[in-house]
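The structure under discussion appears below in the form of structure tokens.
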Amino acid sequence: IEGIPKISVLIICYKQEELIKRAINSLLAQKDYIYEICVSDDCSPDRTWEVLQEYDKQYPGLFKLLQNRPNVGIFENIEYTWTMPTGDMIYQLAGDDECGEGWFKTVIEYIQNNHIDYKNELFCIYGDFQAKYPNGDSYIASNRMVTLGLDCVSLSLRKRVYNRSVCYSIRILKKFIKESKGRSYEAEAAMDRQLQIISQKNYYIPVVGN
């Protein structure tokens, strides 16, 4: 498949005026491979919104910004980001996380080398993710089990597959159904599982994407 996929990054944030800088800077280090950065701020009472506007002025055309008024809660805020992207592929990042170094270059090269029809396939590309603790300890959680031919919904329910460090087709996103009911955490599992339910092809790259 010719061409380079347009990657849309979706970010939610709330009261993260310092942490959001870390998240965005990890993306800007790879901005040559990013089509757009879509950020929904949930009516933060600190300077998060001002920080986002500063980035928008510095990088015109790269950011799409949304500010909820009033605060709607994490799950409805996530669903707002679903309406924002116009690229070919989606990558989701929390405002207090970082994107893995070189992640998008690796994803694009994987798509090209494996001739993935990114405009038409309902697919996910999974990577690994790393958790770091304040004391310096860390661990890496792997999504490699998607390569074993097992049911990904079952793997997700058993916490053997995670939605962190995933790039997936915007055609999957367009099939998502809104599950949030205000601030109910009961919606979380229903929202997360949609990725595994809808995706028809799953790929894996053994690098840290988040």
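The values are calculated or read from the model by the stated rules, or taken from the named source; none is laboratory data. Please read all numbers here as calculations on a predicted model, not as lab measurements. Heads up, the Cβs are rebuilt from the backbone with ideal geometry, glycines too, and the neighbour counts pull from every protein chain shown. Quick note on the areas: whole protein, heavy atoms, side chains included, nothing else; ligands and nucleic acids left out. Shrake-Rupley method; radii C 1.70, N 1.55, O 1.52, S 1.80 Å.
Residues being open to solvent by 100 Å² or more (accessible area, probe 1.4 Å) and in a loop (DSSP other than H, G, I, E, B): count how many of those fall in the stretch 140-182.
9
Applying the selection to the stretch 100-133, what residues are among the hydrophobic types (A, V, I, L, M, F, W, C) and surrounded by 13 or more Cβ atoms within 10 Å (Cβ to Cβ)?
Matches in the stretch 100-133: W103, F104, V107, I108, I111, I116, L122, F123, C124, I125, F129.
State the number of residues belonging to the stretch 67-91 that are at pLDDT below 95 and of a type in the set (G, A, S).
1
Could we say that R193 is surrounded by 14 or more Cβ atoms within 10 Å (Cβ to Cβ), among the basic types (K, R), at pLDDT below 95 and in a loop (DSSP other than H, G, I, E, B) here?
So R193 does not fit the description; no.
How many residues does the stretch 13-46 hold that are β-branched (V, I, T) and surrounded by fewer than 20 Cβ atoms within 10 Å (Cβ to Cβ)?
Residues flagged as β-branched (V, I, T) and surrounded by fewer than 20 Cβ atoms within 10 Å (Cβ to Cβ) within the stretch 13-46 amount to 1.
List pairs: first residue in the stretch 50-67 and closer than 18 Å to Y35 by Cβ, second residue open to solvent by 60 Å² or more (accessible area, probe 1.4 Å) and of a type in the set (D, E, K, R) anywhere in the structure, Cβ distance under 8 angstrom, at least six positions apart or on different chains.
Y59/K31; L62/K31
From V166, V208, grab the single residue that is in contact with a Gly (Cβ under 9 Å, 6 or more places away or on another chain) and either farther than 26 Å from K119 by Cβ or among the hydroxyl-bearing types (S, T, Y) (or both).
Just one listed residue meets the conditions, V208.
Can you tell me how many residues within the stretch 1-13 are in a loop (DSSP other than H, G, I, E, B) and closer than 18 Å to C124 by Cα?
Adding up the residues that qualify gives 4.
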